[in-house]
Amino acid sequence: MIVEVRLFAEAKRKLGAAVVSVRLNEPATVAELKRSLASRDQELGRMLESCLIAVNEEYADDRVLIKPGSEIALIPPVSGGSIEARVHSRRFRIERFLI
Amino acid sequence: MIDIVESTIDHFTLVERVRSRAAGAVCTFLGTAREFTGERRTKSLEYEAYRAMALKKMAEIDAEARRRWPIVESAIVHRVGVVELGEISVLIAVSCPHRAQAFEACRYLIDALKECVPIWKKETWAEGGEEWIHPGLDDPRGETESVRSAKLTTVGSNSLSALRRETLAAKPETIGGEDS
């Protein structure tokens, strides 16, 4: 299957495109998507280590399955946060810094 | 009220919207475009959002805040596009029966937004050049130590690391099946 990956911010600037297409064998996981993205561009590969992948508008860890038609996005670190913070449980829970 | 807008954030109107006779306190936070970061001078900021996901995450943190505090009304609004110095890039306004609740809920909402909502900031420097701000991302163009340390001190991450370990230890999840 071919999936389209949306890019933002520095990732979009680096690749000069808002969307890249990636061919994946089914069934595919986020880990396989990352490997495929890393193999097409070395700089993007380095960047991926600090990025998260969103599948259907949810942060997704490496084990999440990608299906045909899934909406995929590469999420670079957001301006106020750290990668640890932007974690990906499907039901968002920040059991954190309070206050 | 949750929104992502491309023009000026009318903070007065938004604060008036959350004010309520059921509340004894209104707390607001305005994020504004700062001129100096360390010794580097900013010309303007630009924000980009993954709009659909950002709105969804904003709604989730709003719901989480409402589970934790007796919020009467809330407003979470982020601006995208170019933001000039001194202008408002993000607004949180929250009303609660008592002030401690309002302060805590407001703090929670802005911190959670900054960490989890996919909105990015680009600095356009007065000295020339542009830079997307991605804490933790290797920056081959380099940045001053003061900028880097300013970024690194924004959020303590010990408890967040623990959360990450906990989340990753949880059973695998499949996203995109039943609710798509």
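Values computed for the structure shown
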quantity	calculated
Residue within segment A:77-95 that is at pLDDT 95 or above and assigned to a loop (DSSP other than H, G, I, E, B) present	no
Tally, over segment A:23-76, of residues that are more than 16 Å from B:PRO118 (Cβ to Cβ), at the interface with chain B (Cβ under 7 Å from one of its Cβ atoms) and of a type in the set (A, V, I, L, M, F, W, C)	2
Of the criteria (1) at pLDDT below 95; (2) within 13 Å of chain B (Cβ to nearest Cβ); (3) crowded, with 19+ Cβ neighbours inside 10 Å, which one A:VAL20 fails	(2)
Residue within segment B:86-106 that is within 24 Å of B:PHE12 (Cα to Cα), under 10 Å from the mean Cα position of the chain (by Cα) and away from chain A (no Cβ under 11 Å) present	yes
Unique match (being at the interface with chain A (Cβ under 10 Å from one of its Cβ atoms) and touching an Asp or Glu at 6+ places or on another chain (Cβ under 6 Å)) among B:LYS114, B:LYS122, B:LYS57	B:LYS122
Segment B:107-118, subset under 9 Å from the mean Cα position of the chain (by Cα) and assigned to a helix (DSSP H, G or I), residue surrounded by the fewest Cβ atoms within 10 Å (Cβ to Cβ)	B:LYS114
Residues satisfying the stated conditions in segment B:82-92, i.e. of a type outside the set (Ser, Thr, Tyr) and surrounded by 14 or more Cβ atoms within 10 Å (Cβ to Cβ)	B:VAL82, B:VAL83, B:LEU85, B:GLU87, B:ILE88, B:VAL90, B:LEU91, B:ILE92
Check on B:ASP62, in a helix (DSSP H, G or I), within 27 Å of A:VAL55 (Cβ to Cβ) and of a type in the set (Asp, Glu)	yes
Those residues of segment B:41-66 which are charged (D, E, K, R) and without any contact (Cβ under 8 Å) to a residue 60 or more places away in the chain, in sequence order	B:ARG51, B:LYS56, B:GLU60, B:GLU64, B:ARG66
In segment B:37-51, the residues that are at pLDDT below 95 and closer than 15 Å to B:GLY128 by Cα	B:THR37, B:GLU39, B:ARG40
Some residue of segment B:40-57 being in a loop (DSSP other than H, G, I, E, B) and surrounded by fewer than 16 Cβ atoms within 10 Å (Cβ to Cβ)	no
Residue within segment A:26-36 that is buried (at least 20 other Cβ atoms within 10 Å of the Cβ) and part of a loop (DSSP other than H, G, I, E, B) present	no
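The values are calculated or read from the model by the stated rules, or taken from the named source; none is laboratory data. Not measured: the values here are computed from a predicted model. Cβ sites come from the backbone with ideal geometry, for glycine too, and all protein chains shown count toward neighbours.
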